[in-house]
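Undergrad: First the structure, then my questions, so here it is.
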Amino acid sequence: MSFASRYLQRNISYPPFIIDRPSSSLGMVVVIPCYNEPTVVETIESLAACERTLQDVEVLVVVNQSEKSPQTVEVQNKQTVLELKQWKTENSTAFFNLHVLVPEPFRKKHAGAGLARKTGMDEAIRRFGTLEKPNGLIISLDADTLVEPNYLVEIENHFANTKNEIGTTIKFKHRVDELIDPLHIKGMQLYEDYLHYYKKAMAFTGFPHAIYTIGSAFTVCADAYVKQGGMNRRQAGEDFYFLHKLTAMGSISELNTTCVFPSARLSNRVPFGTGPSIQKWMDGDKSLCKTYAFQAFLDLKQLFDLVPELYESELESSTLPASVQQFLTKDRFSDDLSEIRRNSGSPQAFQKRFFQYFNAFKILKYLNAVHPTFYDFQKLKEAYTELKGH
């Protein structure tokens, strides 16, 4: 039985999109969701300009739409399929196999980035399952994103040289240089600063799973993908939920020797994320200038600093800042802490279990609970400066 058999039986009811058997040397599958994307061929060209890898590579472009998508999207998607097939014909010597996946229109209530990414990643699992390759790499990219020439080689080398790693995030830089409008440029820079601030502030607290969660900038091992239960169907934020759930299973590193370059365009196709944030900024909403107060992270650090002691001793919550005290009380923390302690046979097991409980989702819940009750949202530049000073 393949490592993926049970996952495939439970999670996929439709037949394979790709009939041809994969190359026995297949080691990497790049998955690209594509909805109403007129420039996806540029992304494919960017991959084609990459240095050749030792393992074989497949690129799966999932050209998708909702049953309720406007006709303009349907027209663009048909054009995209034609262009991709033409590119494949004209570039038959490309070092990767390009496959264009065109699923039936998604039901409106599920349609979105999560289901499109899941469709491609599940197909990648089928490919690796056929070869019984649990260490195959699924690479998540977006249809508006360009990559450096060493992109695939660096991913391949990274996993060849590390053990027990189940995934990695990849350095990213939005293509601000393509923009003309100074307001747009400023908004994009603020958004990137926010992403860096949030991730680094999480790490500052002592949280061991502080990671970037950008859909176009991560790689996951096939076996870990299956064990985690696969990608979710969220219409936005699918990357955040998937990657943070994945951290409970093993080590996710940060790959900084190569870079991806997402578009800095405006977009309202998803309810939140880069595009909508920048669109709101352009429409006059200045919330990008503000963020969670750095003091909230300082407060949380006081709790996390106590974690090694909590294996054997009770929490003296009165020593903690009022913001943390109130959150822990409302969250019934003392009951949960007792259970974590009962189910941990060593300090190391306790620490692991503690941060599976007090995970990225709970940290976000804490931050939203203490703003604005205890702290006003802080100017991003000011908060980031404070963080850098610690």
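Undergrad: Could you check region 1-34 and list, in sequence order, the residues that are of a type in the set (Phe, Trp, Tyr) and touching a strand residue (DSSP E or B) at 6+ places or on another chain (Cβ under 8 Å)?
TA: Once the filter is applied, which keeps residues that are of a type in the set (Phe, Trp, Tyr) and touching a strand residue (DSSP E or B) at 6+ places or on another chain (Cβ under 8 Å), region 1-34 yields only PHE17.
Undergrad: Quick one: how many residues across region 188-239 are among the aliphatic types (A, V, I, L, M), part of a helix (DSSP H, G or I) and touching a residue at least 12 places away in the same chain (Cβ under 8 Å)?
TA: Within region 188-239, residues that are among the aliphatic types (A, V, I, L, M), part of a helix (DSSP H, G or I) and touching a residue at least 12 places away in the same chain (Cβ under 8 Å) number 8.
Undergrad: Can you find a residue in region 56-70 that is under 27 Å from GLY112 (Cβ atoms), assigned to a helix (DSSP H, G or I), among the polar types (S, T, N, Q) and in contact with a strand residue (DSSP E or B) (Cβ under 6 Å, 6 or more places away or on another chain)?
TA: For region 56-70, residues under 27 Å from GLY112 (Cβ atoms), assigned to a helix (DSSP H, G or I), among the polar types (S, T, N, Q) and in contact with a strand residue (DSSP E or B) (Cβ under 6 Å, 6 or more places away or on another chain): absent.
Undergrad: Restricting region 267-316 to residues that are touching a Pro at 6+ places or on another chain (Cβ under 9 Å) and at pLDDT below 80, which is surrounded by the fewest Cβ atoms within 10 Å (Cβ to Cβ)?
TA: That would be ASN268.
Undergrad: A follow-up question, please. Which of the following residues is crowded, with 19+ Cβ neighbours inside 10 Å, in the same structural domain as THR257 (by TED's automatic domain parsing), modelled with pLDDT of 90 or more and farther than 30 Å from GLY389 by Cα: ILE166, ILE170, ILE180?
TA: From the options ILE166, ILE170, ILE180, the qualifying one is ILE166.
Undergrad: Does LYS245 qualify as being free of Cβ contacts under 8 Å to residues at least 24 places away in the same chain, touching a strand residue (DSSP E or B) at 6+ places or on another chain (Cβ under 9 Å) and of a type in the set (Lys, Arg)?
TA: Against the criterion (free of Cβ contacts under 8 Å to residues at least 24 places away in the same chain, touching a strand residue (DSSP E or B) at 6+ places or on another chain (Cβ under 9 Å) and of a type in the set (Lys, Arg)), LYS245 does not qualify.
Undergrad: Has region 347-361 got any residue that is farther than 14 Å from MET202 by Cβ and either β-branched (Val, Ile, Thr) or exposed (fewer than 12 other Cβ atoms within 10 Å of the Cβ) (or both)?
TA: Scanning region 347-361 turns up at least one residue that is farther than 14 Å from MET202 by Cβ and either β-branched (Val, Ile, Thr) or exposed (fewer than 12 other Cβ atoms within 10 Å of the Cβ) (or both).
Undergrad: Applying the selection to region 362-381, what residues are touching a residue at least 60 places away in the same chain (Cβ under 8 Å), surrounded by 12 or more Cβ atoms within 10 Å (Cβ to Cβ) and not β-branched (Val, Ile, Thr)?
TA: TYR366, LEU367, HIS371, PHE374, TYR375, PHE377, GLN378, LYS379, LEU380, LYS381
Undergrad: Considering (1) farther than 17 Å from VAL220 by Cα; (2) buried (at least 24 other Cβ atoms within 10 Å of the Cβ), say which one SER140 fails and leave the rest.
TA: Unmet condition: (1).
Undergrad: From the list HIS196, HIS158, pick out the single residue that is assigned by TED's automatic domain parsing to the domain that holds LEU131 and farther than 28 Å from TYR384 by Cα.
TA: Only one candidate qualifies: HIS158.
Undergrad: While we're looking at this one, here's another question. Kindly indicate whether PRO347 is without any contact (Cβ under 8 Å) to a residue 40 or more places away in the chain and out of contact with any Phe, Trp or Tyr (no Cβ under 6 Å at 6 or more places or on another chain).
TA: When the stated conditions are applied, PRO347 does not pass them.
Undergrad: For region 1-10, how many residues are exposed (fewer than 15 other Cβ atoms within 10 Å of the Cβ) and assigned to a helix (DSSP H, G or I)?
TA: 4
Undergrad: Within region 77-104, track down each residue that is assigned to a loop (DSSP other than H, G, I, E, B) and under 24 Å from the mean Cα position of the chain (by Cα).
TA: Once the filter is applied, which keeps residues that are assigned to a loop (DSSP other than H, G, I, E, B) and under 24 Å from the mean Cα position of the chain (by Cα), region 77-104 yields VAL102, PRO103.
Undergrad: Check region 11-23 and report whether any residue there is under 15 Å from ALA124 (Cα atoms), part of a helix (DSSP H, G or I), out of contact with any Phe, Trp or Tyr (no Cβ under 8 Å at 6 or more places or on another chain) and assigned by TED's automatic domain parsing to the domain that holds GLY230.
TA: yes
Undergrad: Kindly indicate which of GLY112, GLY120 is under 25 Å from ALA49 (Cα atoms) and either among the β-branched types (Val, Ile, Thr) or touching a residue at least 40 places away in the same chain (Cβ under 8 Å) (or both).
TA: Residue meeting the stated conditions: GLY120.
Undergrad: Scanning region 24-50 for residues that are β-branched (Val, Ile, Thr) and outside any helix (DSSP H, G or I), which turns out surrounded by the fewest Cβ atoms within 10 Å (Cβ to Cβ)?
TA: Taking the candidates together, the pick is THR39.
Undergrad: Same structure, new question: Report, ordered by the first and then the second residue, all pairs with beta carbons closer than 8 Å, sequence separation of six or more or different chains, a first member in region 137-148 that is in contact (Cβ under 8 Å) with a residue 40 or more places away in the chain, and a second member that is hydroxyl-bearing (Ser, Thr, Tyr) and part of a strand (DSSP E or B).
TA: LEU137/THR219; ILE138/THR219; ILE139/THR219; SER140/THR219; VAL147/THR258; GLU148/THR258
The values are calculated or read from the model by the stated rules, or taken from the named source; none is laboratory data. A quick note: this is a predicted structure, and the numbers were derived from the prediction, not measured. Glycine also receives a Cβ, built like all others from the backbone with ideal geometry; neighbour counts cover every protein chain displayed.
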